Amino acid sequence: MSKIRVAIWNEYRHEREAGPVGEYIRQFYPHGIHRYLAEHLAAEDLSIRTASLDEPDQGLDDERLQSTDVLVWWGHCAHEEVKEELVEKIRQRILAGMGLIVLHSGHYSRIFRRMMGTACRLRWREAGERERLWTVAPAHPIAQSVPETFVIPNHEMYGEPFDLPQDGRIIFMSWFEGGNVFRSGVAFERDRGRIFYFSPGHETFPVYHDKVIQQILKNAIRWAAPENYVPDRITPQPDPPEPIRTENPLKGLDTSFLHKA
Ligand code: ZN
């Protein structure tokens, strides 16, 4: 069995901040969220590499992108630094079959907004409140071995209205101590690619230390892995599956002007 090639991309700025907040975050993620996840999601069927914004080519050169089956994305304060050229390359890879897992504040990343086509705005409050998640699609592969309900004791609130397109399959929903509700796990398809948004993961709480959260991320990676790629999306038009017997009413007329790019 060939392994699923996973790239965990992290903006990796908050974990390197000087001062007490950076120090506080480093007690949970001393080498960054990306390396923590790479270590704790390790499994027989996964081949995991990490990448971050300040590496050459913003961590994802062409070779690495071409050899990634599932891209995991964590970003927050530097979304606009991710180059348009890279966003477009990632988009093309997703349409050809690469999976994308967008975590927490990645809801506002350029690649997620591009793939959704909506504003992706939401309500938020950083009060450190109790979040209760509910598994609302228990038969979905992402929900396998996940309890019907579970709690994150302290988290940043992300709440509705969340401006997502309506074609997402809701897998998890959250309730917060302050009364808000949120679609916290939503799955999408875009052409050949599968995308999963999962909101837990604010950097000042050890959310990724939670075994249930880790199980969900592993499930999501396996679900999003492509069964087969389309090596080149621009393939010649195939012959029609049925013989065409009707007469084209424009036959004999010059219609080339209709086909100019
Ligand atoms: Zn956050």
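If the reach is capped at under 17 angstrom between alpha carbons, list the lysines near LYS3, excluding any in the same chain fewer than eight residues apart. Partners found: LYS218. The phi-based Karplus calculation (6.51 cos²θ - 1.76 cosθ + 1.60; θ = phi - 60°) puts the 3J(HN,Hα) values of the stretch 108-113 at 9, 5, 5, 5, 5, 4 Hz, whole numbers, x for Gly and Pro. In sequence order, the stretch 36-51 has phi-based couplings of 4, 5, 4, 6, 8, 9, 3, 7, 3, 8, 10, 10, 10, 10, 10, 8 Hz under the Karplus curve 6.51 cos²θ - 1.76 cosθ + 1.60, θ = phi - 60°, and Gly or Pro positions carry x.
Got a number for carbon plus sulfur as a percent of the chain's accessible area, 1.4 Å probe? Don't skip to the end; give the middle numbers.
Working: 6990 of 13570 Å².
Ligands and nucleic acids excluded, carbon and sulfur reach 52 percent.
Using a cut-off of 12 Å between beta-carbons, work out the net charge of the residues near GLY117 (Lys and Arg +1, Asp and Glu -1, GLY117 not included). So the surrounding residues net to +2.
Determine the sum of side-chain charges near HIS107: Lys and Arg each +1, Asp and Glu each -1, restricted to other residues whose C-beta is under 13 angstrom from that of HIS107. Kindly include the intermediate steps, with their values, before the conclusion.
Numbers: positive: ARG110, ARG113, ARG114, ARG121, ARG123, ARG183; negative: GLU156, GLU160, ASP163.
Result for the local shell: +3.
With all pairs of separate Cα atoms included, the stretch 138-261 yields a Kirkwood hydrodynamic radius of 18.7 Å.
So what's the stretch 54-155 giving for Rg/Rh, alpha carbon basis, Kirkwood Rh from the mean inverse pair distance? It would help to have the intermediate numbers written out before the result.
Values: Rg = 16.1 Å, Rh = 15.8 Å.
Result for the stretch 54-155 is an Rg/Rh of 1.02.
Which net charge results for the neighbourhood of GLN27, defined as the other residues with beta-carbon distances under 15 angstrom from its beta-carbon, given Lys and Arg at +1 and Asp and Glu at -1?
Details: positive: ARG16, ARG26, ARG35; negative: GLU15, GLU17, GLU23, GLU203.
Neighbourhood net charge equals -1.
Dimensions of the stretch 118-173 from C-alpha coordinates, computed as largest minus smallest value along each principal axis and given longest first, are 30, 30, 11 Å. Extension gain, LYS3 to SER67, is 21.9 nm, computed as 0.36 nm per intervening residue step minus the present C-alpha separation.
Using θ = phi - 60° in the Karplus curve 6.51 cos²θ - 1.76 cosθ + 1.60, the 3J(HN,Hα) couplings for the stretch 207-215 round to 4, 6, 7, 6, 5, 5, 4, 5, 4 Hz; x is entered for Gly and Pro.
Express the C-alpha Rg of the stretch 1-97 as a ratio against the empirical globular expectation 2.2 N^0.38 Å, rounded to two decimals.
Working: Rg = 14.2 Å, N = 97, 2.2 N^0.38 = 12.5 Å.
That ratio works out to 1.13.
Of all lysines in the structure, the ones whose alpha carbon falls short of 21 Å from that of LYS251, not counting any fewer than 8 places away in one chain, are LYS260. Note on GLU44 and ARG169: their simple-model spin labels are 2.5 nm apart, each label 7 Å out from Cα toward Cβ. Size of the stretch 97-137 from its Cα atoms: along the principal axes, largest to smallest, the extents are 35, 24, 14 Å. With semi-axes defined as the square roots of five times the eigenvalues of the C-alpha gyration tensor, the equivalent ellipsoid of the chain measures 37, 21, 19 Å, largest first. Of the trypsin sites (Lys or Arg not before Pro) found in the stretch 103-135, those that fall in a DSSP loop while having at most 14 other beta-carbon atoms within 10 Å are ARG121.
The values are calculated or read from the model by the stated rules, or taken from the named source; none is laboratory data. Here the structure is a predicted model, which means the values were calculated and not measured. Methodologically, a virtual Cβ is constructed for each residue, glycine included, from the backbone with ideal geometry; neighbour enumeration extends over all protein chains shown. Each accessible area value is taken on the protein alone, full model and side chains, heavy atoms only, with ligands, DNA and RNA left out. Shrake-Rupley method; radii C 1.70, N 1.55, O 1.52, S 1.80 Å.
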